[in-house]
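First comes the structure, then the notes that go with it.
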Amino acid sequence: SERPVGSRMDSVFESGCRDPLEEAQKPRANAAFVVLARNSELDGVLSSIRSLERHFNQWFNYPWIFLNDEVFTDEFKDEVKAATSGKVRFGTVPAVRWHVPAENDDPLFFSEAIEEQGDRGIMYGSMPAYHRMCRFYSGYFFDHYLVRKLDWYWRVEPDVDFFCDITYDPFKEMEAHNKKYGFTIMIKELINTVPNLFRTTVAYAKKNDIKLPDSWSLFSKDLEIARGTNDHLYRDVKDKDQFWKKLQGRVPLYRAMRWSDTNEDGIDSHSLKVLADYTNGGGLTNVPADRFDNLEYNLCHFWSNFEIGRTDLFQSKQYRDYFHFLEESNGFFVERWGDAPIHSLALGMFLNQSEIHYFRDIGYRHSTLEHCPANSINQRPYSEGPRYRHGYSKQEEDYWLKFDS
Ligand code: GDP
Ligand code: MN
């Protein structure tokens with residue numbers, strides 16, 4: 001297939017099988033699997049362990065690290081130890097790292113924000129634990145004392161499957177090829193979980209004068225203010241020409257209208273509030289309303305339930321500053337920012353695309369989505385079809401083409 005201009009294609013480390021016993025004679029990386037899980041997820045955890053042990057770790061014996069906001073039960077620990085070939089460590093996440101600061105500082109604000117997202121049907125929006133988990137994976141997992149000393153982590157979740165044997169050491173190959181982050185699946189985020197994430201990220205990049213590398217283009221696209229894409233939102237406007245003229249100069253207002261476009265019922269009460277906020281120059285706390293480029297998030301992200309990455313990506317001062325900036329904006333509870341788009345946008349700001357590896361040869365399933373190499377090294381990353389109405393989808397960029405061969 002045709003290679004788009006500017007693409008930075010990386011290739012598979014190995015297109016066939018190596019002899020894993022021979023590979024296992026070579027030195028290991030300073031790496032481990034990292035699994036955040038609840039005691040109640042023991043069955044799913046065992047299932048993931050068995051899959052990965054069978055297809056990879058029976059030869060390589062990398063250690064496993066399990067983290068939990070509660071103490072693991074003896075049953076959990078015993079069963080996990082019996083299923084793993086490498087060393088196993090269990091760690092607790094201290095409450096100060098797990099809870100969102102607002103839970104203590106302003107409990108009413110916190111709980112109302114969470115409840116409100118439930119009312120609006122935001123996926124997982126009404127679950128405080130989910131917000132905590134996303135924040136933990138965004139800002140703290142790499143600082144846990146068990147993870148901190150690693151060079152590499154491989155994130156694993158309960159109930160995932162690996163389909164194909166992985167007969168080489170991905171950490172060592174990544175080291176050898178100067179890769180810093182690897183993924184198997186790219187998908188689009190639900191826009192109503194992250195309405196202000198991109199805007200806040202751009203504000204951070206501007207404030208710190210970050211020179212955006214080529215990988216930034218994986219995640220951003222030009223915002224086109226095209227008349228006629230949101231008809232149902234301004235059906236009551238009398239002088240439509242005048243309205244559009246005004247709108248052209250108001251990217252924030254236009255953007256707010258586009259968010260509401262994701263709601264099948266048309267404009268909802270939240271969108272109206274957002275519109276009003278923007279019209280009044282409001283919004284999140286640390287993002288002045290004039291901090292806008294004519295850019296928007298294409299919603300693409302690396303699906304973070306599978307990740308193989310360097311811990312120092314996130315331990316760097318620049319990533320910590322970025323996380324802190326995000327934290328200050330309250331988006332971890334006022335919105336339901338996922339760690340996946342946050343990791344991805346950070347990679348977009350801090351890495352060259354050549355430092356990102358697409359593990360197209362790793363067969364992987366999580367929930368209903370899977371990536372199957374299908375004996376083809378040219379397989380494109382999984383991407384969901386357009387989920388938007390006509391008018392919006394035509395502006396969608398084929399972001400995954402940038403990883404095509
Ligand atoms: P999804 O994949 O986005 O549907 O989210 P999951 O429910 O799978 O959660 C992502 C990861 O965080 C999984 O590894 C979960 O086991 C873990 N996780 C989520 N919430 C909690 C929690 O409250 N406590 C602990 N210890 N782990 C959690
Ligand atoms: Mn999951």
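I need the peptides 88-97, 20-29, 301-310 ranked by packing, meaning the mean over residues of other C-beta atoms within 10 angstrom, with the highest value on top.
Listed from highest to lowest mean packing, they are 301-310, 88-97, 20-29.
Using Cβ counts within 10 Å as a stand-in for footprinting exposure, how do Thr311, Thr368 rank, fewest first?
Ordered from fewest to most neighbouring Cβ atoms within 10 Å, Thr311, Thr368 come out as Thr368, Thr311.
What list do you get for Ile187, Ile342, Ile114 if you sort them by fewest beta carbons within 10 Å?
Ile187, Ile114, Ile342
We did not get these values from a lab; they are worked out from the coordinates using the rules stated. On a predicted model such as this, the values are computed, not experimentally measured, just so you know. No Cβ is skipped: glycine too gets one built from the backbone with ideal geometry, and neighbour counts run over all protein chains shown.
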